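The values are calculated or read from the model by the stated rules, or taken from the named source; none is laboratory data. The structure presented is a predicted model; accordingly, all values stated were derived computationally and were not measured. No Cβ is skipped: glycine too gets one built from the backbone with ideal geometry, and neighbour counts run over all protein chains shown.
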Amino acid sequence: MDKKIVTKDENEQEPYETPMEESLCKIFASFKIASNLIHVLHTSMIWDDFLKYHPFLDELYNFLEDQIDEIMEMLEQNGWTVPVSLEELLEESEVQELEWPITDITDQMKEVSGILGILEKVLQDGIIEAWKEEMMVEQNNLIDYQKFIKKMERKNRRSLWIK
């Protein structure tokens, strides 16, 4: 039995079909990496302030996981690529790995704040991309509508000439 040799070119990810797909993949990957980092911070807390911050990180982690599930469903429903390997996620994500260990609670909370800032920016970019895509659809619909009106006007003019 012959084995097929797979080259790197055959394994490379296809370009995205739309900017919206690319944007959702970036949001998904960023949320997934952020969720993982926050979960690690959540499970590694050992300081006196444990009871103060641990529930917050638990709630934040659960919130991110719910959003990840929703985004993954959107990607799958559209037949779009879902990054699944850690390598793909890190490549797509705006959130990157942290320098470990982070032993100070203040430093941990600064990292969480930084992660949330990155997620906010990724979401803003995604909203802008969705808006652009919606505007393109509306613009195309307007152009189609204008073409339809012109066609009807020409048709009406011709029918008036025939009478």
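When the residues of the stretch 108-145 are filtered to those that are touching a residue at least 60 places away in the same chain (Cβ under 8 Å) and among the β-branched types (V, I, T), which remaining residue is surrounded by the most Cβ atoms within 10 Å (Cβ to Cβ)?
Only one residue fits best here, namely I115.
Kindly check whether there is at least one residue in the stretch 48-56 that is touching a helix residue (DSSP H, G or I) at 6+ places or on another chain (Cβ under 9 Å) and within 15 Å of I115 (Cα to Cα).
yes
Does F31 fit the bill of being surrounded by fewer than 18 Cβ atoms within 10 Å (Cβ to Cβ), in a helix (DSSP H, G or I) and at pLDDT 80 or above?
Details: surrounded by fewer than 18 Cβ atoms within 10 Å (Cβ to Cβ): no; in a helix (DSSP H, G or I): yes; at pLDDT 80 or above: yes.
The answer is no for F31.
Which count do you get for residues in the stretch 50-79 that are within 22 Å of L98 (Cα to Cα), exposed (fewer than 13 other Cβ atoms within 10 Å of the Cβ) and among the acidic types (D, E)?
1
If I go through the stretch 72-115 residue by residue, how many of them are under 28 Å from L51 (Cβ atoms) and touching a helix residue (DSSP H, G or I) at 6+ places or on another chain (Cβ under 8 Å)?
Step one: list which residues in the stretch 72-115 are under 28 Å from L51 (Cβ atoms), which gives 95, 97-115.
From what's left, touching a helix residue (DSSP H, G or I) at 6+ places or on another chain (Cβ under 8 Å): 95, 97-98, 102, 105, 108-109, 111-112, 115.
So the count comes out to 10.
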